[in-house]
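One structure is given below, encoded as structure tokens.
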Amino acid sequence: MQTQTPINRAAVQGLALFEQLEPGQIDDVLRSAGSPRYAPGDAVFEQGQTATQFFVLLHGRLRVTQVTSEGQQVVVRMVNPGDLFGIAKALRRLDYPGTATAVSESVVLSWPMSLWNDFLEQYPSLAVSAMQTMGSRLLEAQQRLRELSTEEVERRVAHAVLRLVNQSGRKEEEGVRIDFPISKQDIAEMTGTTLHTVSRILTAWEAAGLVVGGRQKLLVRDPHQLVLIGDGLKPGYL
């Protein structure tokens, strides 16, 4: 049983999903929400599980994975604070298509899936947000598919790291740090390659001063060089 974290209006007013709602409407939406907390490694839901709830990530970070019919695990995406996820009903599914696992200490808002249609009818801005969410995920999926089909591995890894920087980067004096633990295996599963290949690429990037890895959260010291690598241009460290 997950512990519940008390949530009030002030905790969600900065999230894009709620910004078009009146204070009273936010209170109404929160009144029917649960707010479980997940430790790193805990699954919010698992692939194939009956979809009984939908969610918004309030704090932390989640990894969404899928296991293919061949038994290969793929990282589909990372869930960032404010993201709507687990919206199986919007995809006309009765089950969750992937597994969502906490990467860091995370708090989510959860609602019974039975309320999905009611929410969309009562709060049109939530319907717009859901459409935008699905559209952005479709665009990202198309981009990743194009990368897998046409690009060499180092370019794919550069694009994956840059997406993480754009979604969750925190500026520091020495560069931009991805503010949650991301493993080489995660990057391998994001880019359709092997752990060995990702290790080799990141080792070369570290030697060139582009990134700092190790046990810490990944620090990107020179995002511009990664952009060049992603574009297929000759990087400055060669």
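The values are calculated or read from the model by the stated rules, or taken from the named source; none is laboratory data. Nothing here was measured: the structure is a model prediction, and the numbers come from that model. Positions of Cβ are backbone-derived with ideal geometry, glycine not excepted, and every protein chain shown enters the neighbour counts. To get the accessible areas, we keep the full protein, side chains included, count just its heavy atoms, and leave off ligands, DNA and RNA. Shrake-Rupley method; radii C 1.70, N 1.55, O 1.52, S 1.80 Å.
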*Accessible area, 1.4 Å probe, largest first: how do Ser110, Ser136 sort?*
Ser136, Ser110
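Order the peptides 26-33, 67-74, 177-184 from the highest to the lowest mean number of other Cβ atoms within 10 Å of their residues. If you can, show how the numbers build up before the last one.
Numbers: 26-33: 15.2, 67-74: 9.5, 177-184: 18.8.
Top of the packing list down: 177-184, 26-33, 67-74.
Give me the extension gain from Glu172 to Arg146: residue separation times 0.36 nm, minus the current Cα-Cα distance, reported in nm with one decimal. Can you show the working numbers first?
Details: separation 26, 0.36 × 26 = 9.36 nm, distance 3.19 nm.
Length gained between Glu172 and Arg146: 6.2 nm.
Sorted by accessible area with a 1.4 angstrom probe, largest first, how do Met134, Met78 fall?
Working: Met134 70, Met78 15 Å².
From most accessible down to least: Met134, Met78.
Evaluate the charge dipole of region 1-121 about its Cα centre and quote only its size in Debye, nearest 20, assuming +1 on the Cβ of each Lys and Arg and -1 on the Cβ of each Asp and Glu.
On the way: 9 positive and 12 negative charges, 43 e Å.
The dipole of region 1-121 has a size of about 200 debye.
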*If the viscosity is 1.567 mPa s and the temperature 4 °C, what translational diffusion coefficient in µm²/s does Stokes-Einstein give for region 155-238 when Rh comes from Kirkwood over Cα pairs?*
103 µm²/s
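When the helices in the chain are scored as -39500 (n - 2.57) per DSSP H run of 4 or longer and the sum is shared across all residues, what 222 nm value do you end up with, to the nearest 500 deg cm²/dmol? Each step should come with its number before you reach the end.
Details: 7 runs with 88 residues, N = 238.
Value at 222 nm, helices only: -11500 deg cm²/dmol.
What do you reckon, how do Lys89, Lys171 stack up by accessible area (1.4 Å probe), largest on top? Each step should come with its number before you reach the end.
Numbers: Lys89 85, Lys171 180 Å².
The most accessible residue leads, giving Lys171, Lys89.
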*Taking amide hydrogens as modeled 1.01 Å from N in the peptide plane, which residues meet the under 5 Å criterion relative to Val44, leaving out close sequence neighbours?*
Ala100, Thr101, Ala102
*Kindly count the pairs of lysines across the chain whose alpha carbons are less than 30 Å apart, treating pairs on different chains or eight or more residues apart as eligible.*
6
*Just the accessible area for His224, please: 1.4 Å probe, Å², rounded to the nearest 10?*
110 Å²
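If you take every residue apart from Arg37 with its C-beta less than 15 Å away from the C-beta of Arg37, what net charge results, scoring Lys and Arg +1 and Asp and Glu -1? The partial results should precede the final answer.
On the way: positive: Arg61; negative: Asp42, Glu105.
It works out to a net charge of -1.
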*Probe 1.4 Å, all protein chains in place: accessible area of Leu17 in Å², nearest 10?*
10 Å²
*Just the accessible area for Phe119, please: 1.4 Å probe, Å², rounded to the nearest 10?*
20 Å²
*Of Phe55, Trp116, His224, farthest towards positive along the dipole that unit charges on Lys, Arg, Asp, Glu beta carbons give the chain*: His224
_Quick query: amide H of Val79 versus all other amide H atoms, modeled in the peptide plane; which residues come in under 5 Å with a sequence gap of 5 or more or a different chain?_
Leu62, Arg63, Val64
*asked:* Students often get this wrong, so try it: which of (i) 19.1; (ii) 21.0; (iii) 18.0 is Kirkwood radius over Cα pairs in Å as calculated from the structure shown?
replied: (i)
